[in-house]
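The values are calculated or read from the model by the stated rules, or taken from the named source; none is laboratory data. Source: prediction; values computed, not measured. Positions of Cβ are backbone-derived with ideal geometry, glycine not excepted, and every protein chain shown enters the neighbour counts.
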Amino acid sequence: MRRPSPAATPVQRVRRVLARETTSGLEVLPSIAGSVGTESVISPAAESTSLWALGFDTNALFKIASHSKAATIIDGLDASPYHLVMPGQTAQEFWNNKVAGLPRVSGDIGSTFASLKGKVEQLDDALGLDMPLAAIEGALQEFEAVHQGLTSTRVNSGLKSLFEMLDRRARFPFVPRDAFLAIGQARYATKTPPGFKDSAPWLGDFFVWADFLLGLASVTSPRQGLVVMVTEDRKSDWEVRGHVHPILAGEVKALTGCRFQLWTVEQLRELVEST
């Protein structure tokens, strides 16, 4: 008797969807039809009961930690019933861009800011142009406040709490890089989202997406409802006028059977405060 074929592993299932080895369940055309000429309106509070899983893009992490209600957001996620996915590429990029690069960039900005502020004050004294320069000085003061906040104790505390919570609660998946590299290159060449708006040969967005899908595919509990990626990225290789790119929505649907949305950190806050 012929033995049945073994079930596909989560990595195999993600590969088949991303490489178009199967198009079963890839419902793209309905998404296109529903988005033409309209602007998407998302109500996180209304979606709280249908939400199944949440993932995080790199740019969302610092925004969560620096939010005025960071503790509320982090504690709410910790207590939530949702599956949390921290793509491995997201953590890697966060370290490279925000942790390792931040002190150097912050120092450069501080030096440049001090120099620019001094020159504006010199020009102000020399010409007596109080009104035009007042606007510049106001903008510089506002920027200084933001710059100082980048390395503030409050933000560092928020980052520590966020990563401790994610360590407890989130899946932390990595797809095999060698096995998926050619897929990412083919998708970039054919302008398949996400990441085709980035400069070649950067495939960071692709691996964030692949890791995210692997996290979803690894959940063994029943899949139903809504999947959300929290991101501040609003380029057209992610979404247009609130409508997620149909290919991304189709890939989540094919893999999990769930709807897919992109939320900002503010929309995440709305969700947490509504539950």
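A few remarks follow.
- The residues of region 164-192 that are surrounded by 13 or more Cβ atoms within 10 Å (Cβ to Cβ), over 19 Å from Ala217 (Cα atoms) and touching a residue at least 40 places away in the same chain (Cβ under 8 Å), listed by number, are Met165, Ala186, Arg187, Thr192.
- Residue selected from region 218-249 under the condition exposed (fewer than 15 other Cβ atoms within 10 Å of the Cβ) and touching a His at 6+ places or on another chain (Cβ under 8 Å), by the criterion farthest from Leu51 (Cα to Cα): Ser236
- Single residue of Gln12, Gln89 found to be assigned to a helix (DSSP H, G or I) and under 15 Å from the mean Cα position of the chain (by Cα): Gln89
- Failed item in (1) outside any loop (DSSP other than H, G, I, E, B); (2) touching a residue at least 12 places away in the same chain (Cβ under 8 Å), with Thr38 passing the rest: (1)
- Just one of the listed residues (Leu77, Leu51) is in contact with a strand residue (DSSP E or B) (Cβ under 7 Å, 6 or more places away or on another chain), over 20 Å from Val244 (Cβ atoms), modelled with pLDDT of 95 or more and not β-branched (Val, Ile, Thr), and it is Leu77.
- Test: residue in region 245-259 that is of a type in the set (Asp, Glu) and in contact with a Leu (Cβ under 9 Å, 6 or more places away or on another chain): yes
- Selection status of Leu26, in a loop (DSSP other than H, G, I, E, B), surrounded by 14 or more Cβ atoms within 10 Å (Cβ to Cβ) and in contact (Cβ under 8 Å) with a residue 24 or more places away in the chain: yes
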